[in-house]
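What follows is a set of notes on a single structure, which appears directly below.
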Amino acid sequence: MHWGLLAVIASCTLACRKPEQAPALKEVQRVHAGALDVVLLSASGALKQGKDSFVLEFRGADGQLVDVGAVNVNATMVMAGMAPMLGQTTINPTSTKGRYEVASNLNMAGSWRFTVEWNGPAGKGSTSLAGTVS
């Protein structure tokens with residue numbers, strides 16, 4: 001009889017447990033571009049040197065995510081007297097319209113500029129964001 005009671009308690013405990021959630025993203029930078037806010041987010045609130053990932057979101061005036069279609073991101077670091085250093089970025093849409101995951105490889109710490117271009121249901125546009133990579 002005790003085993004049956006333990007089984008019921010264990011089943012209820014597992015059924016009532018909250019599912020694990022992804023870590024909350026922290027805003028690194030936000031820029032206004034036309035009717036949209038372009039928001040750069042990361043799990044740590046910072047951009048890391050080497051291989052890293054971050055999220056770009058496109059939000060309307062009401063704060064809601066907006067589907068902007070195809071997105072391109074280029075990363076450059078300007079250094080005095082030298083050609084700009086190029087970083088590697090690969091962008092993929094997530095299952096949430098208006099949110100894109102960016103895999104990056106930025107080989108040097110310092111100030112990077114991210115040029116973001118989009119073309120889709122929300123029109124065509126571009127902007128740039130500055131990010132400090134540590």
Qualifying residue in segment 13-32 (condition: open to solvent by less than 30 Å² (accessible area, probe 1.4 Å) and at pLDDT 95 or above): yes
Close pairs from segment 107-134: first more than 19 Å from GLU27 (Cβ to Cβ), partner charged (D, E, K, R) and assigned to a loop (DSSP other than H, G, I, E, B), Cβ under 8 Å, at least 6 apart: GLY120/ASP67; PRO121/ASP67; ALA122/ASP67
Looking only at segment 83-134, and only at residues there that are among the aromatic types (Phe, Trp, Tyr) and more than 17 Å from VAL66 (Cβ to Cβ), the one that is surrounded by the fewest Cβ atoms within 10 Å (Cβ to Cβ): TRP112
Pairs, first closer than 19 Å to GLY120 by Cα in segment 50-75, second among the hydroxyl-bearing types (Ser, Thr, Tyr) and in a loop (DSSP other than H, G, I, E, B), C-beta under 8 Å, six or more apart: VAL55/THR94; LEU65/THR96
The one condition in (1) closer than 18 Å to VAL133 by Cβ; (2) in contact (Cβ under 8 Å) with a residue 40 or more places away in the chain; (3) open to solvent by less than 40 Å² (accessible area, probe 1.4 Å); (4) of a type outside the set (D, E, K, R) that LEU41 fails to fulfil: (2)
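The values are calculated or read from the model by the stated rules, or taken from the named source; none is laboratory data. Computed from a prediction, not measured in an experiment: that's the story for all the values here. Heads up, the Cβs are rebuilt from the backbone with ideal geometry, glycines too, and the neighbour counts pull from every protein chain shown. Areas reflect the complete protein model, heavy atoms only, side chains present, ligands, DNA and RNA absent. Shrake-Rupley method; radii C 1.70, N 1.55, O 1.52, S 1.80 Å.
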